[in-house]
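What follows is calculated from the coordinates using simple rules that are stated; it is not laboratory data. The structure displayed is predicted, hence computed values, not measured ones. Counting neighbours? That spans all protein chains shown, and the Cβs are built from the backbone with ideal geometry, glycine included.
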Amino acid sequence: MGFLASLGAPVRRFLVFLGDQAHLVLQTLRYALTLRLDQLPVVGAQARLQIRFTGLDALLLTCGTALLLGGVTLIQAFSQLSGLGAENYIGLLMVLIIFRELGPLLTAVLVIGRSATAIAAELGTMQLNGEVDALAAHGVNPYQYLLLPRWLGVLVSVFALVVFFDASALVGGFLVARLKHGVTLGFFMDSVRDALMNRDLAATLLKVALFSGAIAFHACHYGLGIRRSQTEIPQAVTKTVVSALVAVFLLDGLVTAFFYF
Amino acid sequence: MLLADDLALDAPDGRPLFSGLHLSLEPGANLLVLGPGGCGKSQLLRALAGTLPPRSGRVRVGGVDLWPGEGALALAGRVRLGFVFAQGGLLSNQTLRDNVTLPLRFGGMSAGEAVGRAERALSRFGLGAVAGFRPHAVSAGARKLASYARVAALEPDLVILDDPLEGVESGDRAEVLDLIQAWAADPARTLVLALEDPGPFAGLPARRLHLAPGGLSPSDPEQP
C-alpha cells in the first residue's frame, strides 16, 4: 500500500495542479467576457504596464541574444558544411533552426526568467499583504484586474519578442554570410523566403499563444498560492521557473510533432 | 443585509475556531464583534466579506449568496462593500489616490468624478498633500487613514472594520470616530466592527457578538 501511495501521490498532485490551472484559465476567460466597456481603460492600463515590462524592457536583451545566435548558427553551419555548398542552405538553416524552434523557445525562456518570476513574486507579495482580498472585497475582480492583463500583456509581448528575435537572428545570420561568403542581401532573403512555409507561421503563432498562456498562468498560480509567509515567495518563484520551463518544452514538442512529424 | 447560517470557521493553521454561528442583520443595523486576539474575529469578518471560505455554513449579503459560492466576486455590481483591514490592504504599486479611485472606476464611475471623490475623501483625513505617494512612502497611520478614505469614497452599503483604531494616530482618532459614528447612525448602512473590547464604541447602538478562544459555539448576538 505504501508503495502504491508513493506512486499515486505525485500523480494526484499533478492532476490537482492541472485542475487548478484549468480553473484559472476558465475563470479568467469567463470574467473577461463579462468586462464592461467602462472597465476596459482600467484593465487596459494594467495590460500596457505588463507589455512595457515584459516586452519593451526585454527588447534589447532579446535582440542582442538573437543577433548573436543567428550569427553563431551560420558560423557553425559554415564550419561543418563549407565543402558542401553551405551557402545554398542558408535560408533552410535559418528557418529550420531559428524560425521553427529557437525563436519561440528562447523567447519563452527569456520571458520566464524575466517576467514569470516577477509576476509570481509580485502576486505573492500582494497576496500576503491582503491586497488581493482587498481588491475582491471592494468590487475589483482579481481575475479581471490582475490575471487578464498579465495574460494579455505576456501574449502581446511574447508575440512581439518572437518577431524581433527572428528578425535580429536574420540580421546576425546575414552579417556572417556576408562577411564569410560575400552573400548579397537579395540572395539571403530569397533563400529564407523560399524555405519558409505557411505552416511555419501557423506553428509559430500557436506556440506563441500556448507559451504565453503557460507562462502567465504558471506564474499566477504559484504567486496567488502563497498564503502564510515571505519565505514562500522564493519557493514560488523557483517553482514557477521549473514548471513553466517544463510546460513550454512539452508544448514545443507537441506542436512540432503536430506540424512536422 | 447580512445573514450567516450555521457558520463554522477554521484558523489558518487548521484549528477549529467556532461552529454553529447564526447571524442576521437588517439594513442599517450595527454589530460589534468582541473577543480576545486569536479567537477568530478577523476570520469571521473575512468570511462575511466573502474573502475567506468558511469550513461550512452559509453567508448571504444583500440577498446575494457568498458561501457556498464564489465569495466577494458575486457582490460586484450588486452590493457595495467597504472593508478597512487591521493592517495592509492598499495596493503597494499604486498611489493613495489611485487606491481610492480604483474601486470607483471599476464600479463604472467616470475618471473625473472618481478622482474628485477620491481627492475629497483623502483631504478629509489630511492626506491631500500625499495623495500622489505610494503606501510605502507614507506612515502606517496615513495608510490606515487612506483605507478609511477608500471606504468613505465608495459609500458602501455594508462597512466592515477590523480593529478600527489599530494604527490610527492619536491626532486622527476624532476624525475616524466621527466617521464611524456617522456610518453607525446611517439607516441605509450596515456596520460591522471587530475589536478586543468596546472602548470608545461602548455607547454605539449595536448588537454584540462575543467570541472566545477554544471553539465556542456562539448563539445569536445579544440585542443592544
Ranked B:ILE180, A:ILE119, criterion: other C-beta atoms within 10 Å, fewest first: B:ILE180, A:ILE119
Radius, Kirkwood style, for the range A:176-243 when every pair of distinct Cα atoms is counted (Å): 15.8
Whole-number percent relative contact order across the range B:82-224, with pairs defined as alpha carbons under 8 Å at least 6 apart: 25
Value of relative contact order over chain A, rounded to a whole percent, pairs C-alpha under 8 Å and six or more apart: 33
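Just want to confirm a number: the relative contact order over the range A:125-261, from Cα pairs under 8 angstrom separated by 6+ residues, in percent.
Values: 75 pairs, mean separation 45.4, N = 137.
The value is 33 percent.
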Residue order, fewest to most beta carbons within 10 Å, for A:THR204, A:THR54: A:THR204, A:THR54
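For the range A:121-261, with only Lys/Arg (+1) and Asp/Glu (-1) charged at the beta-carbon, what is the dipole magnitude about the Cα centre, in debye rounded to 20?
Details: 9 positive and 9 negative charges, 37 e Å.
For the range A:121-261, the charge dipole is close to 180 debye.
With +1 assigned to the C-beta of every Lys and Arg and -1 to the C-beta of every Asp and Glu, and no other charges, what is the dipole magnitude of chain A about the Cα centre in debye, to the nearest 20? Don't skip to the answer; put the middle values down first.
Details: 17 positive and 14 negative charges, 60 e Å.
My answer is approximately 280 debye.
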Chain B - Rg (one decimal) and Dmax (whole number), Cα, Å: 17.0, 50
Under the Debye formula (equal points on every Cα, no solvent term), log10 I(q)/I(0) of the protein assembly as shown at q = 0.08, 0.12 Å⁻¹: -0.59, -1.05
GNM top mover of A:ALA121, A:ALA32, A:ALA108 - chain A, alpha-carbon springs below 10 Å: A:ALA32
Aspartates and glutamates with Cα under 13 Å of A:LYS180, excluding same-chain neighbours fewer than 8 positions away: A:GLU87
Candidates B:VAL84, B:VAL192, B:VAL176: whichever shows maximal mean-square fluctuation once chain B is modelled as a Gaussian network with Cα springs under 10 Å: B:VAL176
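Is there a simple number for the mean count of other chain Cβ atoms within 10 Å of the Cβ of residues in B:87-94, and what is it? Walk me through the numbers before you get to the answer.
Details: counts 2, 7, 9, 4, 8, 5, 5, 1.
That average works out to 5.
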Pairs of Cα atoms farther than 23 Å apart, the range A:40-260, %: 52
With Cα atoms, 0 to 90° folded angle of helix B:96-106 axis to chain B main axis: 70
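Kyte-Doolittle mean at least -0.5 and Cα extent at least 30 Å along the axis: which DSSP H helices of chain A qualify? The partial results should precede the final answer.
Values: long enough: A:2-33 (46 Å, 0.81); A:59-81 (32 Å, 1.60); A:148-181 (49 Å, 1.46); A:198-224 (39 Å, 0.79); A:232-260 (41 Å, 1.38).
Membrane-span-like by this criterion, though nothing is claimed about a membrane: A:2-33, A:59-81, A:148-181, A:198-224, A:232-260.
Fewest first, what order do A:TYR31, B:TYR148, A:TYR222, A:TYR145 take by the number of other Cβ atoms within 10 Å? Present the calculation step by step, with values, prior to reporting the outcome.
Details: A:TYR31 18, B:TYR148 26, A:TYR222 29, A:TYR145 21.
Going from sparsest to densest Cβ surroundings: A:TYR31, A:TYR145, B:TYR148, A:TYR222.
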Inter-site label distance for B:SER24 and A:ASP20 at 7 Å from Cα along Cβ, in nm: 4.0
Alpha-carbon centroids, the range A:171-227 and the range A:1-53: separation in whole Å: 26
Reachable lysines, given that their alpha-carbon falls under 28 Å from the alpha-carbon of A:LYS239 and they are not under 8 places away in the same chain: A:LYS207
Point-to-point label distance, B:SER123-B:GLU196, nm (Cα→Cβ direction, 7 Å offset): 3.8
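Can you compute the FRET efficiency between A:LEU206 and B:ALA11 using 1/(1 + (r/R0)^6), with r the Cβ-Cβ distance and R0 = 41 Å? Round to the nearest 0.05.
Working: r = 46 Å, r/R0 = 1.13.
Here the calculated transfer efficiency is 0.30.
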